[in-house]
Amino acid sequence: MDIQIFDTPTQASKQAFTLFEQALGEGANVFGLATGSTPVTLYDLLVKSNLDFSQATAINLDEYCGLPADHPQSYATFMKEHLFNAKPFKASYIPNGLAEDPDAEAARYEGLIDENPVDLQILGLGKNGHIGFNEPGAKRDSVTHLTKLTDSTIQANARFFDTIDQVPTHAISMGIASILKAKHIVLLAFGANKAQAVKAMIEGPITSDVPASFLQEHPHVTVLLDTEAASLLSE
Ligand code: F6R
């Protein structure tokens, strides 16, 4: 893992932008994307740039179950508002959270990943060490699947909804094995509330208890941190 520490989240996001720009310049064509607060500055930088994604493909990590794509809190809406409306991609994929058969939808989505191998995967990190919605207990060989969100993830996501009861309890998410198929993974984590998960991801054992620790097995991972998120690292 290449660990890079910056004074502020903005500086770390600028570095993520540079990696995106470099990848595009080197012919990368498929970008794995995340939602949540962490990549918002990166997406702002992409929107303000002159980069052209009209020939590129985007594949998102996950989508809540039970929300229509046009729901204000769906991840489909998030991606449109933060990136796709301003920077349309040739194709952009996100799981269908309303699929009647979520297992079939998950299998279809894994097929899309195999047809469009991800060149650069952007990840955030859950406070509990999740990546995508691979919560503690996630298996190394998991592919895209229906998953139940933990209480801590539901609480963390409640800030986007009027009441906690409105937060979806399930999602369709790429699995650990799906994520590890990407050629280059760039994980961003900011703030003191991520410091414990960052330490466990980088310095802890590789374990299902900390799904992000499986990234230690990938040959090309870049971790971009601010000083607060890096504060518990030993070096
Ligand atoms: C989002 C996702 C999640 C988030 C993580 C961090 O698509 O898959 O793993 O990256 O929950 O969320 P934020 O960035 O809001 O702290």
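Nothing in this text is a laboratory measurement; each read-out follows from the coordinates by a stated rule. The structure presented is a predicted model; accordingly, all values stated were derived computationally and were not measured. As a convention, Cβ positions derive from the backbone with ideal geometry for all residues, glycine included, and neighbour counts pool all protein chains shown.
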Share, in percent, of DSSP beta bridges within region 35-189 that are antiparallel, nearest 5: 55 percent
Nonlocal amide H pairs with His170, under 5 Å, H built at 1.01 Å: Cys65, Leu149
Calculated from backbone phi, Karplus (6.51, -1.76, 1.60) coupling profile of region 172-182 in Hz, x at Gly/Pro: 9, 9, 3, x, 5, 5, 4, 5, 6, 6, 5
Greater than 31 Å apart at Cα, pairs in Lys87/Lys199; Lys48/Lys127; Lys127/Lys181: Lys87/Lys199
Amide H partners (placed H, <5 Å) of Gln121, local residues excluded: Gly32, His184, Ile185, Val186
Separation between Cα centres of region 10-79 and region 102-169, rounded to whole Å: 16 Å
Cα-only Debye scattering, region 79-166: base-10 log of I(q)/I(0) at q = 0.14, 0.20, 0.24 Å⁻¹: -0.67, -1.34, -1.44
Helical contribution to [θ] at 222 nm, DSSP H n ≥ 4, -39,500 (n - 2.57), averaged over the chain, rounded to 500: -8000 deg cm²/dmol
Highest-MSF residue in the chain out of Lys48, Lys183, Lys87 [GNM, Cα springs under 10 Å]: Lys48
Cβ-defined net charge surrounding His220, 15 Å radius [Lys, Arg +1; Asp, Glu -1]: -2
Convex hull per residue volume in Å³, alpha carbons only, for the chain: 113 Å³
Phi-based couplings in Hz for region 60-65 (Karplus 6.51, -1.76, 1.60; Gly and Pro marked x): 7, 5, 6, 8, 5, 8
Long-range amide H partners of Phe6 with built H, under 5 Å: Leu225, Asp226, Thr227
